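Have a look at the structure below before the remarks.
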Amino acid sequence: ELTAASTLYSVPVISFAQATGFDPVMEPFEIYEKSMADEEVLFATRPGKGYFALKVEGQSMEPEFPHGTLVLVAGGEFVQNGDICVARLRSNGQVIIKEFNKSANICQLNSLNPEGASFSWDCVNERGFIEWMHPVIEAKISLRDRNKLKNKQS
């Protein structure tokens, strides 16, 4: 039996470079993203206030999240252990996508690619290490690109 298609929600897409320019002190993200986005993408998850779409750039999350993967970021929500997240480093303003883990006072942002950079800091004594960080809650991935990368690495 055929069922009706799910409702899809349009979300503005920004680049890593555009995300780097966001300053939460100056304006809400929903205003910033609308002024910066050149395109929109459809997701199955209904976006909440502050949600945004980001296009993965680079290879640090390959093969799971190939370059060009579109992710829905829950701006304004807090990360939990094991979440894939988007974060902005305070030291250089770089925006990264990594897997978040916390044990005791040590926080880590780990690359899924063994050759990618990972970050670790004491979240009590280095509170300013991250400027902002939000979980990724949905991804649009080219499975063919992902399979090509996995086969290439084998």
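The figures follow:
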| read-out | value |
| --- | --- |
| For the chain, calculated [θ]222 nm from helices alone, where every DSSP H run of n ≥ 4 adds -39500 (n - 2.57) | -4000 deg cm²/dmol |
| Accessible area per residue in Å² at 1.4 Å probe, computed on the stretch 57-97 | 43 Å² |
| Counted charge near PRO66, where neighbours are those whose Cβ lies closer than 12 Å (Asp, Glu -1; Lys, Arg +1) | +3 |
| The chain - percent of accessible surface contributed by carbon and sulfur, probe 1.4 Å | 49 percent |
| 26 Å Cα-Cα threshold exceeded, pairs from LYS34/LYS102; LYS49/LYS140; LYS102/LYS148; LYS102/LYS152; LYS55/LYS152 | LYS34/LYS102; LYS102/LYS148; LYS102/LYS152 |
| Along each principal axis, Cα extent of the stretch 57-118, largest first, Å | 32, 26, 24 |
| Tensor-based shape of the stretch 1-67 (alpha-carbon gyration tensor, a/c under 1.5 rounded, otherwise prolate or oblate) | oblate |
| Rg(Cα)/(2.2 N^0.38 Å) for the stretch 81-154, N = residue count | 1.25 |
| Entry for Rg and Dmax of the Cα atoms in Å (calculated from the structure that is shown) out of (i) 17.1, 50; (ii) 16.1, 57; (iii) 19.2, 59 | (ii) |
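The values are calculated or read from the model by the stated rules, or taken from the named source; none is laboratory data. Keep in mind it's a predicted model, so treat the numbers as computed, not measured. For neighbour counting, all protein chains shown are included, and Cβ atoms are generated from backbone atoms with ideal geometry for every residue, glycine included. Surface accessibility is based on the protein's heavy atoms, side chains included, excluding ligands, DNA and RNA. Shrake-Rupley method; radii C 1.70, N 1.55, O 1.52, S 1.80 Å.
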